[in-house]
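Below is one structure; the comments refer to it alone.
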Amino acid sequence: MLYTNLKHIESAADHAKVIGDNENVMICCGRMGPMCIPVYGVMEELEDEFKHVRFFDMEFDNPESHVIRNAPECRGFMGLPFTVYYKNGKIVKATTSIQNMTQVKTILEKEFGAPVNA
Amino acid sequence: MRNGGIAMDYDAIVIGGGPAGLTAGIYLSRARMRTLILNEGTVGGQMVLTHEIANFPGVESISGFQLANIMKKQAKAFGCEVRSNVTIADLSLDGGMKSVSLDNGETYHAPVIILSPGGRSRTLGVPGENKFKGRGISYCATCDGDFFTDKEIVVVGGGNSALEEAVSLTKYASKVTVVHQFDHFQAFEHAIEEAKNNEKIHFIMETEVASFVGDEKLDGVNLLNNVTGEGHFFQTDGVFIFIGYVPNTEFLTNKIELNKWGEIVVGSDMNTNISGVYAAGDSIAKRYRQVTTAVGDGTIAAMAASQYFHQLKSKTNALLIHL
Ligand SMILES: Cc1cc2nc3c(=O)[nH]c(=O)nc-3n(C[C@H](O)[C@H](O)[C@H](O)COP(=O)(O)OP(=O)(O)OC[C@H]3O[C@@H](n4cnc5c(N)ncnc54)[C@H](O)[C@@H]3O)c2cc1C
């Protein structure tokens with residue numbers, strides 16, 4: 001169980017619904033470990049600012065997270081967390097291992113645009 | 001408190017929200033000082049990198065993440081404001097009123113500053129390191145060890161962390177080669193012995209990693225023998241790097257006295273060479289770096305800072321009465 005303040009994706013069906021229903025989605029797939037916790041923290045912080053993006057986490061050890069673990073864009077990833085960005089249901093960017101606020105913000109702004117009232 | 005470009009005044013600003021900074025925040029707020037903690041990353045600092053803290057007195061065992069959240073809750077309960085994931089763009093420590101500006105244009109002023117930016121793992125800084133981070137290079141055995149099940153890996157370093165993590169990685173890897181730059185280890189005898197007695201662990205001494213090689217994923221490392229000067233390619237599926245610690249004090253260069261390792265020089269009250277500026281935790285010049293020592297430093301810094309602040313306030317009040 002990931003004890004973050006993010007919304008959790010529990011199943012592949014949930015995952016399909018989330019990326020199907022929302023234009024811009026960021027999902028961090030990890031554990032409660034030192035490389036993952038900072039990324040959840042950054043996402044929690046950015047949730048208020050990037051209102052046009054939906055932020056979720058998914059537990060890496062949940063068998064249903066194969067939808068992220070086995071995504072072609074995550075091939076060769078060997079560092080947690082796997083963080084995946086979806087636009088209209090398609091992966092537009094994926095990163096492996098820890099990312100800081102600046103790195104995440106740069107991707108969000110590039111792929112989904114800057115916050116409207118920024 | 002977000003101020004959208006307008007300056008805000010506090011009694012004290014703490015830079016860094018690890019155990020040292022959070023403790024300072026608790027003490028300063030309890031002393032009724034309006035206190036702001038500014039933290040660059042996730043609140044808790046290196047504590048959140050620790051799966052289990054078993055040596056914090058009074059708590060038998062707790063994850064670093066949980067302990068950090070309790071400390072943050074305590075600080076906030078006393079009225080301390082905590083801002084995480086901020087970037088400090090400028091810092092002025094001169095004069096009675098110090099100022100801290102963030103990269104978003106916000107500026108904060110206070111007569112008291114406590115510096116507790118802690119430290120981070122050292123990186124090798126050789127070609128390919130950034131490219132293969134998460135694609136074969138890792139800094140966390142407990143996080144990424146299982147990606148290397150039945151694979152051959154390298155551990156770089158010769159201190160306690162390197163040797164302990166090398167042993168723990170043998171749970172997954174079929175072979176672990178420790179690459180160390182010197183002819184001896186800087187680790188406790190028991191850690192050396194345990195690593196040497198593990199048949200999955202091999203050693204390449206007096207050798208450094210010169211670069212990482214691969215295309216999409218890491219294929220190996222170029223090693224350089226420090227004695228002969230000869231280089232050779234060493235094939236490996238993964239590399240774990242544990243080569244020590246650096247203080248996060250680059251932003252303090254030429255602003256405060258640092259020693260040759262970049263650590264903040266403090267007196268017995270955690271006072272720095274600048275009046276009203278104190279420092280605590282892993283970023284100061286000291287020998288032992290633990291959560292308990294960071295908490296102790298934070299306590300001393302906050303108590304000394306609080307005394308300084310109240311004396312300053314009394315002097316200012318006396319001056320106002322005389323006018
Ligand atoms: C893997 C690991 C395991 C450990 N295990 C233990 C253990 O079991 N027991 C134990 O007692 N100790 C342990 N330690 C050591 C302990 O975590 C540290 O000694 C302690 O966290 C130091 O506290 P600190 O507040 O000085 O600094 P840190 O914990 O490093 O916190 C500093 C904070 O300041 C922030 N910061 C840095 N620069 C800036 C800036 N310019 N502006 C604003 N904020 C900034 C950082 O983002 C960070 O949040 C461990 C350390 C590691 C890495």
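Quick check on my filter: what residues within the range A:26-48 are more than 8 Å from A:PRO81 (Cβ to Cβ) and more than 16 Å from the ligand (Cβ to nearest atom)?
Those that are more than 8 Å from A:PRO81 (Cβ to Cβ) and more than 16 Å from the ligand (Cβ to nearest atom): A:MET26, A:ILE27, A:MET43, A:LEU46, A:GLU47, A:ASP48.
Checking the structure you have, find out if any residue of the range B:281-297 is buried (at least 17 other Cβ atoms within 10 Å of the Cβ), away from the ligand (no atom under 14 Å from the Cβ) and free of Cβ contacts under 8 Å to residues at least 60 places away in the same chain.
no
Any idea how many residues of the range A:64-89 are more than 21 Å from B:ASP215 (Cβ to Cβ) and touching a helix residue (DSSP H, G or I) at 6+ places or on another chain (Cβ under 9 Å)?
Of the residues in that region, 14 qualify.
Tally the residues that are surrounded by 19 or more Cβ atoms within 10 Å (Cβ to Cβ) and within 13 Å of chain B (Cβ to nearest Cβ), restricting the search to the range A:75-89.
Selection size over the range A:75-89: 7.
Checking the conditions here, which among B:LEU49, B:LEU91 is assigned by TED's automatic domain parsing to the domain that holds B:GLY281, at pLDDT below 95 and within 25 Å of A:GLU45 (Cα to Cα)? Reasoning before the result, please.
Details: B:LEU91 fails: at pLDDT below 95.
Residue meeting the stated conditions: B:LEU49.
Please enumerate the residues belonging to the range B:78-127 that are among the hydroxyl-bearing types (Ser, Thr, Tyr) and assigned to a strand (DSSP E or B).
Within the range B:78-127, B:SER92, B:SER99, B:SER101, B:THR107, B:TYR108, B:SER121 meet the criteria.
Could you count how many residues in the range B:113-166 are of a type in the set (Phe, Trp, Tyr) and within 16 Å of the ligand (Cβ to nearest atom)?
1
Determine which single condition A:GLU109 fails, assuming it passes every other condition in (1) over 29 Å from B:LEU218 (Cα atoms); (2) facing chain B (nearest Cβ under 8 Å).
Exception for A:GLU109: condition (2).
May I ask you to say which residue of B:HIS190, B:HIS232 is over 29 Å from the mean Cα position of the chain (by Cα) and without any contact (Cβ under 8 Å) to a residue 24 or more places away in the chain?
It is B:HIS232.
Quickly run through the range B:228-277 and pick out the residues that are among the charged types (D, E, K, R) and within 12 Å of the ligand (Cβ to nearest atom).
Passing the criteria: B:GLU250, B:LYS255, B:GLU263.
Just to be sure I understand the filter: pairs with C-beta atoms under 6 Å, separated by 6 or more residues or on different chains, first member in the range B:8-27 and under 22 Å from B:GLY105 (Cβ atoms), second member within 14 Å of the ligand (Cβ to nearest atom) and in a helix (DSSP H, G or I). Which pairs pass?
Close Cβ pairs (under 6 Å, with a partner that is within 14 Å of the ligand (Cβ to nearest atom) and in a helix (DSSP H, G or I)) amount to B:VAL14/B:GLY21; B:VAL14/B:ALA24; B:VAL14/B:GLY25.
What do you reckon, is B:ILE256 surrounded by 17 or more Cβ atoms within 10 Å (Cβ to Cβ), within 14 Å of chain A (Cβ to nearest Cβ) and not acidic (Asp, Glu)?
So B:ILE256 does not fit the description; no.
Report, by residue number, each residue of the range B:48-70 that is within 13 Å of chain A (Cβ to nearest Cβ), surrounded by 13 or more Cβ atoms within 10 Å (Cβ to Cβ) and in a loop (DSSP other than H, G, I, E, B).
Passing the criteria: B:THR50, B:HIS51, B:SER63.
Give the range A:63-84 a look and list any residue that's in a loop (DSSP other than H, G, I, E, B) and in contact with a strand residue (DSSP E or B) (Cβ under 9 Å, 6 or more places away or on another chain), or say none.
Within the range A:63-84, A:ALA71, A:GLY76, A:PHE77, A:MET78, A:GLY79, A:LEU80, A:PRO81 qualify.
Between A:ILE27, A:ILE19, which is in a strand (DSSP E or B), more than 9 Å from chain B (Cβ to nearest Cβ) and under 23 Å from A:LYS110 (Cα atoms)? Spell out how you get there, then give the answer.
Details: A:ILE19 fails: in a strand (DSSP E or B).
Result of the check over A:ILE27, A:ILE19: A:ILE27.
Can you name the condition, by its number, that B:LYS200 falls short on among (1) within 16 Å of the ligand (Cβ to nearest atom); (2) charged (D, E, K, R); (3) closer than 20 Å to B:VAL221 by Cβ?
Condition (1) is where B:LYS200 drops out.
For the subset of the range B:79-90 comprising residues that are surrounded by fewer than 17 Cβ atoms within 10 Å (Cβ to Cβ) and over 17 Å from the mean Cα position of the chain (by Cα), which member is farthest from B:SER116 (Cα to Cα)?
B:GLY79
Could you run through the range A:60-74 and say how many residues are of a type in the set (D, E, K, R) and away from every other protein chain (no Cβ under 14 Å)?
Qualifying residue count for the region: 1.
Can you find a residue in the range B:32-53 that is within 6 Å of the ligand (Cβ to nearest atom), closer than 18 Å to B:ALA304 by Cβ, in contact (Cβ under 8 Å) with a residue 60 or more places away in the chain and within 19 Å of the chain's Cα centre (by Cα)?
The answer is no; no qualifying residue exists.
Give the residues of the range B:103-145 that are within 12 Å of another protein chain (Cβ to nearest Cβ) and among the hydrophobic types (A, V, I, L, M, F, W, C), sorted by residue number.
Scanning the range B:103-145 gives B:PHE132, B:ILE137, B:CYS140, B:ALA141, B:CYS143.
Say we look at the range B:146-165 and pick out the residues that are assigned to a helix (DSSP H, G or I) and without any contact (Cβ under 8 Å) to a residue 40 or more places away in the chain; which of these is nearest to the other protein chains (Cβ to nearest Cβ)? Steps first, answer last, please.
First, pick out the residues of the range B:146-165 that are assigned to a helix (DSSP H, G or I): B:146-148, B:160-165.
Cutting the leftovers down to without any contact (Cβ under 8 Å) to a residue 40 or more places away in the chain gives us B:146, B:160, B:163-164.
Details: B:ASP146: 10, B:ASN160: 17, B:LEU163: 19, B:GLU164: 15 Å.
Only one residue tops the list, namely B:ASP146.
So A:PHE50 fits all but one of (1) surrounded by fewer than 16 Cβ atoms within 10 Å (Cβ to Cβ); (2) of a type outside the set (Gly, Ala, Ser); (3) away from every other protein chain (no Cβ under 11 Å); (4) in a loop (DSSP other than H, G, I, E, B); what number is the exception?
(1)
The values are calculated or read from the model by the stated rules, or taken from the named source; none is laboratory data. Quick caveat: nothing in here was measured; it's all calculated off a predicted structure. FYI the Cβ positions are ideal-geometry reconstructions off the backbone, even for glycines, and counts take in every protein chain you see.
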